[in-house]
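Engineer: Below is a structure I'd like to ask you about.
The values are calculated or read from the model by the stated rules, or taken from the named source; none is laboratory data. Just so you know, these numbers come straight off a predicted model, no measurement behind them. Backbone-built Cβ (ideal geometry, glycine too); neighbour counts: all protein chains shown. Calculation scope for accessible area: heavy atoms of the full protein, side chains included, ligands and nucleic acids excluded. Shrake-Rupley method; radii C 1.70, N 1.55, O 1.52, S 1.80 Å.
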Amino acid sequence: MHDHHRIRALLDARRPGHTLPQPFYTDPDLYRFDLDAVFARSWIAVGFECEVAEPGSYLAARIGASPIVITRARDGALRGFHNACRHRGAQLCAEGAGRRSLLVCPYHQWSYGLDGRLVRAARMGENFDPAEHGLVPVRVEAVAGTLYACLAEDAPDFAPFRREVEPLLAPLALQDAKVAHVDTLVERGNWKLVMENARECYHCDAKHPELSFTFPTGARGNFESEGDPARIAFDDRMAARGLPVGPVDGDWYQAARFALNDGCASMTEDGRACVARPLAALTEGDVGSLRWALEPHSFAHAVGDFAFLFSAMPTGPRETVVTSKWLVHRDAVEGVDYDLGTLTALWTATNLQDRDLVENNQRGVDGAGYRPGPYSPEGEALCARFTDWYCRKARDYLDAVAPARRLEAAE
Ligand code: FES
Ligand SMILES: [Fe+2]
């Protein structure tokens, strides 16, 4: 059980518009608190429908400390489960996507259908009822080819996200895409430092030469146009092509289509499209980028020729695993329609630069000299939004869930 009085006091001590008090970035108890209060109670972007397109396919991922698996059973339905055997709890499938007719536990070979039912368990005796030992379900949602999961039964309302973000995602036709590349990167930094870094471009001009070439590093917040004539011309051009631009702004998500720097058609090192086959017919040519982002852990960009997802998962008080996925049209052939190195170069370079920034940030935050510092109102508005959201989420948990747990424990 977390020390709720201490966490509440730390939340009370926090100055709005500033980075958080030190323990939020360093303390093992707060790391476990974050898994329970934030990661177990949020919608997490786990990947794409194309990773589980065929009946008999699965995608295994992790939400905080909990391995999960999303399956497409023979009946065509998409389901989510805890990726833990109902015998003695072993993890069923290694992380990643694959195809199986049964999920067979690597320990004692209990076997589950992709619908979660236990179909085989040897030598369990006459009184054993397989029906009582199916996989534990997890909530899953699919939106225009993107996939989300939430561990909590009382998950945040998904309907507003679907209603607002689906029209922006739909023209990308991501259900017709394929994953061209997956990369994971271990960063020795607290997940909040990873996410604060991912929510601002205050550092981009100095630290990301590749990204800054195409990305409007001076953009504010969620790319609001604020009367900017170039932005209004872009919005008009997108409207003429039937591409909504947003912006949409929910409690735990944001999305907007925005213009890349002049003359750039993609987020590549030279600003040129690198996949001969665009994502969808509608997105040929310069369509800027559609950015969508979820608190607590992810952002994604879709330019005309590919989509990119960045997802951060805490694995320790000072360790975060970043998973990156690149998607191209499913008919695009590697080596013919695109070169994998060219496709992945910009975000790989950016991720490595960001890892160094995060690890260096952690070193300073770990020291006795750390004091919460002010965000730039113009350059770090989304950092302030992130920490505000985090503190609300933490308080919600302390107010609603924790007292109920204490009651249960006392019963
Ligand atoms: S733990 Fe899975 S079969 Fe024993
Ligand atoms: Fe960065």
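Engineer: What accessible area, in Å² to the nearest ten, does a 1.4 Å probe give for Met124?
Structural biologist: Approximately 70 Å² for this residue.
Engineer: Along Cα→Cβ, 7 Å out, is where each label goes; now give me the distance between the ones at Glu378 and Ala122 in nm to one decimal.
Structural biologist: Distance between label points: 7.0 nm.
Engineer: Which order do the peptides 37-44, 388-395 take when ranked by the mean count of other beta-carbon atoms within 10 Å per residue, highest first?
Structural biologist: By packing density, highest mean first, the sequence is 37-44, 388-395.
Engineer: Among residues other than Val165 whose Cβ falls under 14 Å from its Cβ, what is the net charge (Lys/Arg +1, Asp/Glu -1)?
Structural biologist: -3
Engineer: Based on the Cβ-Cβ distance from Asp157 to Arg395, what FRET efficiency comes out when R0 is 22 Å, to the nearest 0.05?
Structural biologist: 0.75
Engineer: Can you tally the net charge around Phe24? Count Lys and Arg as +1, Asp and Glu as -1, for every other residue whose Cβ sits under 10 Å from the Cβ of Phe24.
Structural biologist: My count for the surroundings of Phe24 gives 0.
Engineer: Still on this structure, please answer the following. Calculate, in nm to one decimal, what Arg188 and Ala53 gain on full extension: separation in residues at 0.36 nm each, minus their alpha carbon distance.
Structural biologist: The Arg188-Ala53 span can extend by a further 45.2 nm.
Engineer: Lys pairs in the chain, Cα-Cα under 25 Å, at least 8 apart or on separate chains: how many?
Structural biologist: Counting lysine pairs in the chain gives 5.
Engineer: For Ala240 paired with Asp115, estimate the spin-label separation in nm (one decimal), with each label point 7 Å from Cα along the Cα-to-Cβ line.
Structural biologist: 5.2
Engineer: To continue, here is another question. Can you tell me how much longer the chain between Arg363 and Ala90 gets when fully stretched, taken as 0.36 nm per residue apart minus their C-alpha distance, in nm with one decimal?
Structural biologist: Working: separation 273, 0.36 × 273 = 98.28 nm, distance 3.55 nm.
Between Arg363 and Ala90, full extension yields an extra 94.7 nm.
Engineer: Place the peptides 378-387, 227-236 in order of packing, highest mean first, counting for every residue the other Cβ atoms within 10 Å and averaging per peptide.
Structural biologist: 378-387, 227-236
Engineer: In the chain, which cysteines lack any other cysteine Cβ under 4.7 Å from their own?
Structural biologist: Cys50, Cys93, Cys150, Cys264, Cys274, Cys383, Cys391
Engineer: Which Cα, out of Ala280, Pro23, Pro209, lies furthest along the positive dipole direction of the chain (beta carbon charges, K/R +1, D/E -1)?
Structural biologist: Checked the options; the winner is Pro23.
Engineer: Only sites in a loop by DSSP and with at most 16 other Cβ atoms within 10 Å count here; which GluC sites (Glu not before Pro) in segment 195-270 make the cut?
Structural biologist: Numbers: sites: Glu196, Glu200, Glu210, Glu224, Glu226, Glu269; in loops: Glu200, Glu224, Glu226, Glu269.
For GluC sites (Glu not before Pro) across segment 195-270 that sit outside H, G, I, E and B with at most 16 neighbouring Cβ atoms in 10 Å, the list reads Glu224, Glu226, Glu269.
Engineer: Further, regarding this structure: With a ≥ b ≥ c the root eigenvalues of the C-alpha gyration tensor of segment 1-55, is it rounded (a/c under 1.5), prolate (a/b larger than b/c) or oblate? Numbers along the way, then the final one.
Structural biologist: On the way: a/c = 3.62, a/b = 2.38, b/c = 1.52.
Because a/c hits 1.5 or more and a/b exceeds b/c, segment 1-55 counts as prolate.
Engineer: With r defined as the distance between the Cβ atoms of His108 and Arg74 and R0 fixed at 22 Å, what FRET efficiency is calculated, to the nearest 0.05?
Structural biologist: 0.35
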